[in-house]
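Novice: Okay, here's the structure, questions in a sec.
FYI, it's all coordinate maths here, none of it is from the lab. Bear in mind the structure is a predicted one, so any value in this text is a computation, not a measurement. Every residue, glycine as well, gets a Cβ built from its backbone with ideal geometry; the counts of neighbours run over all protein chains shown.
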Amino acid sequence: MNRRGSFELALPLLLALVGLLAWEGLVRALAIPSFVLPPPSSIVAALVGDFASLARSALVTLAMTTLAFAAAVVFGVGFAVLFCQSEWLERALYPYAVVLQVTPIVAIAPLVVIWVGIDHPDRAVFILATIVAFFPVLSNTVLGLKSADRNLHALFRLYGASRWQTLVKLQLPSALPLLLGGAKISGGLALIGAVVAEFVAASGASSGLAWRIAEAGNRLQVAKMFAALAMLSAVGIGIHTGLAWLERRLLHRWHESALPRAEE
Amino acid sequence: MSASVGGSDRGALLSIAEVTKEFATGTLAVDRIDLAIHERDFVSLVGPSGCGKSTLLRMIAGLVPPTTGRITWSGAKPRLGFVFQDATLMPWASVRKNVELGLELQGAERSLRAERADVALALVGLGDVGKAFPRELSGGMRMRVSIARALAAEPAVLLMDEPFAALDEFTRERLNDELLALWAEQRLTIVFVTHSVYESVYLSNRISVMSGRPGRITDEIQIDAPFPRDASFRSAATYHAYCERVSRALRRPSPSSGGR
């Protein structure tokens, strides 16, 4: 890693260290009770003490998020391709996609829980997280599919390309950078959706990180809440990093966004 | 000027008769065009920007239908190649994949595609960049790839829409020479759209001069200088005389606008 790169990594870490030390010092100096704001040291203790159960919950949340994200990409790209094949289909359906997007998930959650989640809260979580995550992939992919080069389109027509060939060899590759951008947003949203849905749908039967937070909150184990929160952040960072890596891998040879920045 | 300069020409490979194109917006792009292209012709369409010469080329390619008039090929429609002003390569695909495009879309086998792509790349002097990606090449090299892509599908007729307009003068002149060599070697028929008088005189055996919108053919000029041509032609007196003549034809006011 070059000097600038390691500096970019060291700076936020240094800031975190200073912040944590200040937090620890202030909590001790002002004698703030632990159920209001626990010091970082007891959060670390909770993280270590409950690591097994927290890690299990993190895996559950990660699995649910991944599943919902995958479904969102499949549905998002699928509908985008359909919209691209038929304008009237797009006109008929797109508004509903928008309605689904703008309606706050917390408001839909109780309904979905009643319909599918009474016995299977995980199904409700999956559906809700998918709904939240689906729109950015859809709208970005639609835009990407439509922005394929006009002249390349003409060339495909000249060589008698079928719809399928045009889709696979021209439109989808053109859409890839925007699709991946949408997917990165969706990855974060899927996690948010999974957590929010679990808060609403949760019962003793659920076991994700959101439930750990709710449970610890009810028992005023605030340090454990923070520990679960830290796990949640770790999951989110993991998802983002994974998708960023995928984006680089797929685009690095050809797309402007993946080029090294010009020397200035 | 006769109104049907070549529309009724019997030996023509391609006959364009009374072709008019009006866009949905109501703009009259080209107006009653008559043009005949013969086998092995190198015809340039010269005119001010917006005169509909690109539209005419697209109609010849069958990409845009004419509003009225007929575009007919003698016999079956030959294989066409099209080269745009921008190289218009697929940035996500290697140079070789780009060159194979036409063959791939027409279902040619992998081995045949590879072979033809190699030949085509060698023809444009780019034998060794097959694995590179378009963005790794210079503008002139990209245009060569674009020409190789057209050649790989073995066209009989090459349609070129201001292919060298975005290149620097030096590269443009070199590509002009390379194109003339390809035209002779590959026994191509070329229809070449340009707004450069010099380029059209250097390359063509015939020039159709078009007026500004609505585009009409106002003059046809035969360039009788022998082929092969090289840099010495650019300093010849005949070359300058032809350039002068084409320029004059371009300056002439449109004969018709009101005359209908």
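Novice: Expressed as a rounded percentage, what relative contact order does chain B have, with Cα pairs under 8 Å and six or more residues apart?
Specialist: Relative contact order here is 25 percent.
Novice: Cα extents of the range B:113-207 along the three principal axes, largest first, in whole Å?
Specialist: Rounded to whole Å, the extents work out to 37, 28, 17 Å.
Novice: With +1 on each Lys and Arg Cβ and -1 on each Asp and Glu Cβ, how big is the dipole of the protein assembly as shown about its Cα centre, in debye rounded to the nearest 20?
Specialist: With Lys and Arg at +1 and Asp and Glu at -1, about 320 debye.
Novice: Using a Gaussian network model of chain B whose springs link C-alpha atoms within less than 10 Å, name the residue from B:Ser235, B:Ser49, B:Ser208 with the highest mean-square fluctuation.
Specialist: Most flexible of the set in this elastic network: B:Ser235.
Novice: So for the pair A:Trp164, A:Arg248, with labels modelled 7 Å out along Cα→Cβ, what separation do we get in nm?
Specialist: 3.7 nm
Novice: Let me ask something additional. Rounded to the nearest 0.05, what FRET efficiency do B:Ala165 and A:Leu21 give with R0 = 56 Å and r taken as the Cβ-Cβ distance? Could you check?
Specialist: Efficiency at R0 = 56 Å is approximately 0.30.
Novice: Using a Gaussian network model of chain B with C-alpha springs under 10 Å, which one of B:Val95, B:Val119, B:Val30 is most mobile by mean-square fluctuation?
Specialist: B:Val119
Novice: Also: Using bins 20 angstrom wide from zero, how does P(r) for the protein assembly as shown break down, in % of all Cα pairs?
Specialist: 18, 37, 25, 16, 5, 0
Novice: Run the numbers on chain A and let me know its relative contact order in percent, using alpha-carbon pairs under 8 Å that are six or more apart. Write down the numbers at each step before the final one.
Specialist: Numbers: 301 pairs, mean separation 68.5, N = 264.
The normalised contact order for chain A reaches 26 percent.
Novice: Moving on to the next point. Using Cα-Cα distances under 8 Å and only pairs 6 or more residues apart, what relative contact order does the range B:124-227 have, in percent?
Specialist: On the way: 85 pairs, mean separation 20.5, N = 104.
It rounds to 20 percent for the range B:124-227.
Novice: How big is the range B:15-159 on each of its three principal axes, counting only the C-alpha atoms and giving the largest first in Å?
Specialist: 46, 32, 26
Novice: Which whole-angstrom value gives the distance between the alpha carbon centres of the range B:155-178 and the range A:29-84?
Specialist: 58 Å
Novice: Rg and Dmax of chain A over Cα atoms: what are they, in angstrom?
Specialist: Rg and Dmax of chain A, Cα atoms, are 22.7, 78 Å.
Novice: While we're looking at this one, here's another question. Between B:Val119 and B:Asp230, 0.36 nm times their residue separation minus their Cα-Cα distance comes to what?
Specialist: Residue separation times 0.36 nm, minus the Cα-Cα distance, leaves 37.5 nm.
Novice: Along its three principal axes, how long is chain B when you only count alpha carbons? Whole Å, largest extent first please.
Specialist: 56, 43, 34
Novice: Can you tell me the alpha carbon radius of gyration of the range B:18-68 divided by the globular rule-of-thumb value 2.2 N^0.38 Å?
Specialist: Compared with the compact-globule rule of thumb, the range B:18-68 sits at 1.15.
Novice: Could I ask something else about it? Provide, in order from the shortest bin, the percent of all Cα-Cα pairs of the range A:1-119 in each 10 Å bin, continuing until the bin that contains the maximum pair distance.
Specialist: All Cα pairs, binned at 10 Å, distribute as 10, 18, 22, 24, 19, 7, 1 percent.
Novice: What residue among A:Gly242, A:Gly182, A:Gly144 shows peak mean-square fluctuation when chain A is described by a Gaussian network model with Cα springs under 10 Å?
Specialist: Its mean-square fluctuation being the largest, the pick is A:Gly242.
Novice: Kindly state, to the nearest 0.05, the FRET efficiency for B:Phe23 paired with A:Tyr94, given R0 = 35 Å and r defined as their beta-carbon distance. All intermediate terms of the calculation are to be shown ahead of the outcome.
Specialist: Values: r = 28 Å, r/R0 = 0.80.
So, using R0 = 35 Å, E works out to roughly 0.80.
Novice: Report, in listed order, any pair from A:Lys184/A:Lys224; B:Lys53/B:Lys131; B:Lys21/B:Lys77; A:Lys169/B:Lys131; B:Lys53/B:Lys97; B:Lys21/B:Lys97 with a Cα-Cα distance greater than 24 Å.
Specialist: In this structure, A:Lys184/A:Lys224; B:Lys53/B:Lys131; B:Lys53/B:Lys97; B:Lys21/B:Lys97 lie more than 24 Å apart at Cα.
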